[in-house]
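Reviewing the structure listed below.
Bear in mind these aren't lab numbers, they're just calculated from the coordinates by the rules spelled out. As the structure is a prediction and not an experimental result, all values here were calculated from the model. Methodologically, a virtual Cβ is constructed for each residue, glycine included, from the backbone with ideal geometry; neighbour enumeration extends over all protein chains shown.
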Amino acid sequence: MKKANVLKALNVIIGILMLNQIVTGLLHEHLAEGTFEFLHIGSGILLVTGTIIHLILNRTWIKAVYFSKKMGTKA
């Protein structure tokens, strides 16, 4: 599977997990404690894991944009 396809799928998954965090956070008082823990805390762990994988897959772009020496620019 190509890296671009993995990133497209991962972006959708991260987006869904972020929406889940928002919704469960707002509805915390209306959810049973076990349901909240499963949905919010479990999703948070998956969100952090997905974000780390996303950063690893994009490391060359991050290096190029944030850590490259800017040539020809003078202050």
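Tally the residues that are polar (S, T, N, Q) and in contact with a His (Cβ under 6 Å, 6 or more places away or on another chain), restricting the search to region 1-56. Walk me through how you get there before you give the answer.
Step one: list which residues in region 1-56 are polar (S, T, N, Q), which gives 5, 11, 20-21, 24, 35, 43, 49, 51.
In the following step, the residues that additionally are in contact with a His (Cβ under 6 Å, 6 or more places away or on another chain) were identified as 24.
Residues flagged as polar (S, T, N, Q) and in contact with a His (Cβ under 6 Å, 6 or more places away or on another chain) within region 1-56 amount to 1.
Restricting the search to region 33-69, which residues are over 21 Å from ILE16 (Cα atoms) and among the aliphatic types (A, V, I, L, M)?
At the first step, the residues of region 33-69 found to be over 21 Å from ILE16 (Cα atoms) are 33, 59-69.
Across region 33-69, the qualifying residues are ILE62, ALA64, VAL65.
Name the one entry in ILE62, ILE16, ILE45 that is part of a helix (DSSP H, G or I) and either more than 11 Å from the chain's Cα centre (by Cα) or touching a residue at least 60 places away in the same chain (Cβ under 8 Å) (or both). Before the answer, list the steps.
On the way: ILE16 fails: either more than 11 Å from the chain's Cα centre (by Cα) or touching a residue at least 60 places away in the same chain (Cβ under 8 Å) (or both); ILE45 fails: either more than 11 Å from the chain's Cα centre (by Cα) or touching a residue at least 60 places away in the same chain (Cβ under 8 Å) (or both).
Going through ILE62, ILE16, ILE45 in turn, the sole match is ILE62.
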